[in-house]
Structure formats: C-alpha cells, structure tokens
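Computed from the coordinates by the stated procedures, all read-outs in this text should not be read as laboratory data. Bear in mind the structure is a predicted one, so any value in this text is a computation, not a measurement. When we count neighbours, we look across all protein chains shown, and the Cβ atoms used for this are built from the backbone with ideal geometry, even at glycine.
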Amino acid sequence: MTPRLLITLVCSRHFTRRRCPGWITTGMCCPCHAAPRPTLDELHNASLSRKPGQTLEKDSSQPPPSPNVKFGWIKGVLMRCLLNIWGVMLFLRLSWVVGQAGVAQSILLILTTSVVTTITALSMSAISTNGVIKGGGTYYMISRSLGPEFGGSIGLIFSMANAVACAMYVVGFGESLITLIPESAYMVSKSWDQAIYGCITIVLLTGIVIVGMEWEAKAQIVLLIILLAAIVDFCVGSIIGPKSEIELAQGFVGYNMSVLQSNMGPDYRLYEGVEHSFFSVFSIFFPAATGILAGANISGDLKDPQKSIPKGTLLAILLTTLSYLLIAVLAGWTVLREASGLEGDVANWTMGDCANRTCEYGLHHSNDVIRLVSGFGPLIYGGCFAATLSSALASLVSAPKVFQALCQDKLYPYLEFFAKGYGKNNEPVRGYVLTFIIAAAFILMGGLNQIAPLISNFFLAAYTLINFSTFHASLARPVGWRPTFRLYNMWLSLLGAVLCLAIMFVISWITALFTFAFLLALYLLVSYRKPDVNWGSTTQAQTYKAALAGVQHLNSVTEHVKNYRPQILVLTGFPGERPILTDFTYLLTKGLSLMLCGHIVPNQVSHRAREALYERAYHWFGKRKIKAFYSLVDDVNFKDGASALIQSSGLGKLKPNILMMGFKENWLNCDRSEIVDYVEVMHKALDVHMAIAILRVEGGQYTSEALDDDLQAYLHDMNAKDLSTLTRSMGDNYKESKSTESLNTHSRVRRAFGGAPARRASSFTSVEQFTRRQSGSVDVWWLYDDGVGITDADLLAARERTHRHLRLRELISTQSCGARLVCVTLPMPRRRNVIPPALYLAWLHAIATSADRLLLLRGNHSAVLTFYS
C-alpha cells in the first residue's frame, strides 16, 4: 500500500500568498491570500512588527498570466515532431540513401539515428519533468541544468541551427517545385530559379508566423493531413505496381525479390562531386531526426510541458522510425538502383543496364522516386510541399523562441534588443526578422547536400549537452534532481553523449572542430562576463560534492612536513577595516592554504545584517583577488568570540593552525579586562596547539576610509557597547545597495596613542605595504626560550627580564632599521598569573615598536618545512 501524506493548512493571523498544491481540492486554501508571508525573524521575534507598506519578504505571488494560446501534447508536441521529422528527407533523399547504402545499411542508418534520438528524448524527458519548464525549450533545459556557460553557448548555436534548418527545408521545397517547371520556363537558370522560389517562400512563411502562433498551428494541421495522405499514397502505389511502361523504364518494377536482393548491399558512388560513404550519407540523412526538439522548443506555449514533452516526443520517434523503415524497404524492394528511362528497354528488361551509358533514373539518380511509386503522383508533390513547409515553419518558430529566451537572460552583450516580445503571446517579431535574414542568406548560398552536414553537427552538439546534462545531474545527485519520468539511466545518457560526439567527428571532423571552437568561444565569453544569474545548476551541485569529497579524503591523508601549509585564522574584524592585516595574511597563504577572517561583534546581529556582511566581505575579497573565508560571531565579548573561532573553525584537517592578530595599540588606555582578555586569547590558542602571530605596523592597521558610508556607520553602531546607540539596521536597503567598498586606501587614519600626540600615518598604503613587490630584507630575530615556568623567585627577577626586552628593542632599532619586515619570537605568555597581563603587553609593546613593521611569532612545537627537512 502506497503511503499517503495528509497535509492540513491552517490560516493564522498571517496569511500567505503561496499557491496551494494542485492536488489539494478543498476550499481550505482559498482564504490564504490576504497578506504577504511573514519572515522567520518576524515570526520568531514577537517584538518585530511590520511597518505600514513594508514588505519583509518579497511577495512570491505573481501577476496573473496573460491569456495566451496554450497547446496540449498532441497539437503542441506530437504533431510538430511528426511534421518536422517527416521533412524534406522523406521525399527527396530517403530513396537516394537506399540507393547509396542499400536496404540493409539504410535500416542500420535509420536505427542508429533512432537510437541517438531516443536516448536524447529520454534524457530530455527526465530534465523536462524535474521542474517547471518555461519558454526557451532546449536552451532553458540545458542552461538551468549545466549553468549559463553551457546553456548560453548551446542556445546561440541551437538558434543558429534552427535558422539554417529553415533554409534547408525551403531549399528542399524549391528542389521539388523546380521539377514541375519545364526548362523553357526558367527565369534565369535551374539553381537561380530555385533560390528565387525559396526566397519568396521564406517571405510568406515569415508572414504566417508573425501573424501569430494560432495561425501557424492551424496551418500545421492541414499540412499534417496532406503529409499522412501522401505516405498512404506511396504504400498503396507500391502494392498497385507500375501503371505504364514509362514507369517500368524509369525503374519502378513492383515487388521483386531479385531487385530486393540486388539492392540489399551498399553501392556508394560519386554524387555531386563527393565520393560518399556510410557516414557521409548519414550526415545528409541525420537532419531528418532533428525534429524531436520541435515540441520542446515551444515549451513556453505548452499547457503542461512536463507531461507533453515526454509523451509527444517519444511517440513521434516511434511512429516516424517505423514509417522511415517501411518506406526504405518498399523503395529498395520495388525500384531499381539505375534505370535508363527508355521504353524500348522494357521489352528485353535492359532498362537497368547502365554500364556503358548515362542513366538519369532509379534510386541513384532521381529524387522523384517516391512520386514514381505512388498511386496518385500529385498527392506526393503535395506531401513533399507539406513536409518541407511544415518543417520550415517549425524551425522558423523554434529559432526566434529559443533566441528570445537567451536574450532575456542577458548572457551576451548587445542582444537585449531581440528580447522584446509583441502581442498577447509575447511573439519575438524581431527574432523572426533575424531568422528570415539568416535563412535567406543560406538559401542563396547552397543546395541541400551542402547545408545538411552543418546542421547535423549543430544539432548533435545540442544532443550531446542534453544527454550530458542528465548524466551530470544524476552523478551530482542534488536534492533538486527528482524527475518524475523514470525511464532514463545515467549511463545510457552518457552513452548517448559519447555517441553524439563520435558521430560529429565521423561525419566531418573539420565541421566538428569548428563547432567546438565556436562553443568554446561562447563559453569563455559568458565565463568572462559572469552574468548575475543563479539557476541552481548541477555544476554547482558537483562543486559542492567534489569539495565535500576532497575534505573527507583529506582526513585519511597522513600529514608530512613537506606538505605543511600555514592555515591562518586572522582576527581582522570586517576584512575591509584592517586591510593591512588582511593583505599580509594573504601574502602568507597566497590562495594555496586556508585563510579565515574572523569577525567578533559584541552585540546581536540580525539574519539580514549577517547575510549582508557576508556578501560585502566576499565582494571585498573578490575585488582584491583574495582567496579567503569570512566568519562572524556575534553577541559575545572578544575573549569568548575568539575562543569560539579558535575551537570551531575549520572542517576535519582543513582547520587553522596559526592565530594571527593585530597588536593592541590602545593597551595603555583601555580597561584592564580588555588586556586580560587579549592575553587569554593567546593562552587559548596555545591550549589547542595553534601558533600565534601578532602584527604591528607603524600608524596602526585600522582604517574606515576604505569602506563606504553605509557600511562604515553600521559597523560603528554594531560595535557600540551601548545598545541604545544603534541608529540603523542592516535591512533590504543596505543589502541591495549598489555601492561598493572603495579600494583606495591611500588616505590613512591617524591613530592616537594614549595621551601622546597623534602618531604619524604610515608612509605606505595597505596595497603598497604587502601586495607590491619591493626590494629590501626581512630580518628574523630568533630568541632562545628556556621553557622554565616563572616561580616566586622569578617575580623578583622581572626587572631583569624587562631589561632584556628593552635591550632587544635597542638591538632591533639599530640593526634592523632598514628592513621591510622584522620577525621576532613572541615571548611565551605564562599561565598561573605569574606575570600580570599588563606587564606582558608592556614587553610586547617594547619589542613591537622597535620597527615600523614587526611580526611577533610563537610556534606550536610541530614540525614545519625548513632547509633541513
């Protein structure tokens, strides 16, 4: 028995505007449309009240959709796929394929095509049933699955492929039309007349789609009826057999086992200057299979894309595969490969003897075989016209729809012009005009066999990414990957992607390389522009999965001194407040080891403020190209906050082993408790065996001029001891502020030292001090530590220790006055209160002020990489 979930919806004082699930049929949901949904903070904190007109959470309700035309799975997907797959190849090239490849290899070729399209349709069905599918079809599915880089690349190429496919179908229409016109009636020549008729046709088709989707859908119904009648006419004609000697002379002999046997094997020949093989014939025939995306490409115009796309696409592939196989077998069973067309050859049955003469009829030479076999020839012309025009219409609709969705996402520059839609259906009229121009250009450029291979590569590239999207989503297994369509397999999707890729290079490796070069260029362009979109792609899910696996694997790696990395927890506060300390720490990590900036706030920080601070901090990191993390601890004093960061920061072996702090410049004027807390943080770091580093820079490290006014004011209020001084909150206005922190730190804040006059500002800016390459030396003063604890007798000798530190200050001042940085061993902070914290800080001050830039270091007695390691 399948378990059922019972959900009771209760409307309280706060009503929501979320749409109730479709399977809930009670009237319980109806009243729940009174007010915007309250935030968690408002519900949790009873003291919070919503001000009039204030919306704490963006209203999730959407304006009612415009009353546009929506199609079901038959009219929207099945019919379009059938019309697009039963395209120009069915009437103009399938008989030629049988003549070149033979019946056996033609069946193999059709089945290979069907395998590729079926696997792709299964993958597409899985993606389309995993969530809401909006307008954009293939582009929408790939971009929301693999991200904007892949989606934008394939979207542009797929739009181009559909525009070129439209040209191919119109060229096919021109080829069939020109056979009805005698040579004496040509306006210029056969090729030019074909191009002229093609251009006239594309103008008429563009006019139909601009009028609206409803007219285009009505036209599709009429064309499908004609097309089905033409297929039936061909089958009936093959049963009736040849009706005259003319048809016999042209190669139509009816069902004949000897003809079937002779046509069973391949007979590849030179045709239109190309020596054909199985794969060259495959490349010409494959565009017949590109129609499987015709329904998905108008996903925005479907009533229920999740159900319509899988059902309509898979049924269309089944029906068209059977029809192609049937027509291929019937053509190979009833028509000779070559025929002279001379009635005199019928009597002695020599019309197929073309060894010493040129023949113009038969499977090899004539594109009119389907009409020849049919019972009523004009109906085949009607079917050919219907097939070509319907496919052209579908491509003419698909290309602008996909391109419009791409332009609306603003992934590429200068394309927003084509995002605008017109009318109740948001028709991409500008895209129609662009598609018309591209199609007309290709109509004038070449024939059917020249255009088809290029389209094959473009569509195969799209199929490759559709299959890879399903495989990648199944591999990453994000929580959001829950397709309702279950008849897919991740390894089958991978096989489909590899198969499409292999076919691309087999068809034409030069065209395949060109396609991939174009894809790569588009991918890099989107990556460089970094569009502000977040679609929850599987690439993001795979990044998380790989990072988690890497951290877990790191736990099993045995540590070795050669692989030692300084993993630093640096107490910067907000990183932009102490850029010198942040820059110096990154100088040590260089993005090759962990750097964590800790921010301790004495007052409570709201969730919105916390999110805003994180966003600003990582924006600041990005602007300065610093690879670091930011962690905020609130509602604690400095000692407890630092202790929390020291003990809880990191994950597994990816945790800090060094505590970096700035020197406490105001130790003379601050409360005694602050000095005790400062020293206690050092004790805590040593308790967990972390090394300690304290940096002091002449002029101080704190500066607020590197931040914008809003952030500056908020950080000042947030650090205020008196909660009544909080004058602002970090809300929507702050978080959505477009102002960014100024990176200009040339103006320094003068820091006061006790009652003494203001200290001179540092002669170097933050950027110059620790980011620019400079000449000079780094002096290291390695002090011997006896390791003996201080006893009562040592207290009497504190004066001697003080004199020793003062002597060290004199030596550093004289010997290292020209050094860019001086590194000195940090005197060991002793437990048991044998040395007062104030005395200890006095020692540190004496040493730290002996140079402009001095770093105090105390190791954790663990092995590190040295010259002798």
Around Gln647: net Lys/Arg minus Asp/Glu count, Cβ-Cβ under 14 Å: 0
Neighbour-limited loop hits for GluC sites (Glu not before Pro), segment 571-615 (at most 13 other Cβ within 10 Å; DSSP other than H, G, I, E, B): none
Peptide ranges 684-696, 146-158 listed from the most packed, as the mean C-beta count within 10 angstrom indicates: 146-158, 684-696
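If you filter segment 588-653 for trypsin sites (Lys or Arg not before Pro), then keep DSSP loop positions with at most 16 other Cβ within 10 Å, what is left?
Lys590, Lys625, Lys627, Lys653
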Built amide H within the under 5 Å cut-off of Ser508, gap 5+: none
Long-range amide H partners of Leu302 with built H, under 5 Å: Phe71
Amide H within-cut-off set for Leu821, under 5 Å, with H built and near neighbours excluded: Ser777, Asp779
Pairwise Cα inverse-distance average, inverted: Kirkwood Rh of segment 175-334 (Å): 19.8
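If you average the sequence gap of Cα pairs under 8 Å that are 6 or more apart and divide by the length of segment 225-380, what percent do you get for the contact order?
Values: 185 pairs, mean separation 63.3, N = 156.
41 percent.
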Over 21 Å (Cα to Cα) - which of Lys562/Lys623; Lys70/Lys424; Lys311/Lys410; Lys218/Lys424 fall in this group: Lys562/Lys623; Lys311/Lys410
Residue-by-residue Karplus 3J(HN,Hα) for segment 179-195, coefficients 6.51, -1.76, 1.60, Hz, glycine and proline x: 5, 8, 9, x, 4, 5, 9, 5, 6, 10, 8, 4, 5, 5, 5, 4, 5
Using θ = phi - 60° and Karplus 6.51 cos²θ - 1.76 cosθ + 1.60, couplings along segment 523-532 (whole Hz; Gly, Pro as x): 4, 5, 5, 5, 4, 5, 6, 6, x, 7
Order by protection proxy (mean Cβ within 10 Å, highest first), peptides 161-169, 509-517, 671-679, 850-858: 161-169, 850-858, 671-679, 509-517
Signed unit charges on C-beta, dipole axis of segment 596-717, positive-most listed residue Asn657, Gly699, Met682: Asn657
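By the gyration tensor of its Cα atoms, with a ≥ b ≥ c the square roots of the eigenvalues, what is the shape of segment 73-529: rounded for a/c under 1.5, prolate for a/b over b/c, or oblate? If you can, show how the numbers build up before the last one.
Details: a/c = 1.92, a/b = 1.63, b/c = 1.17.
Judged from the Cα gyration tensor, segment 73-529 comes out prolate (a/c at least 1.5, a/b above b/c).
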³J(HN,Hα), Karplus 6.51/-1.76/1.60, whole Hz, each residue of segment 612-618, x for Gly, Pro: 5, 5, 4, 4, 5, 5, 6
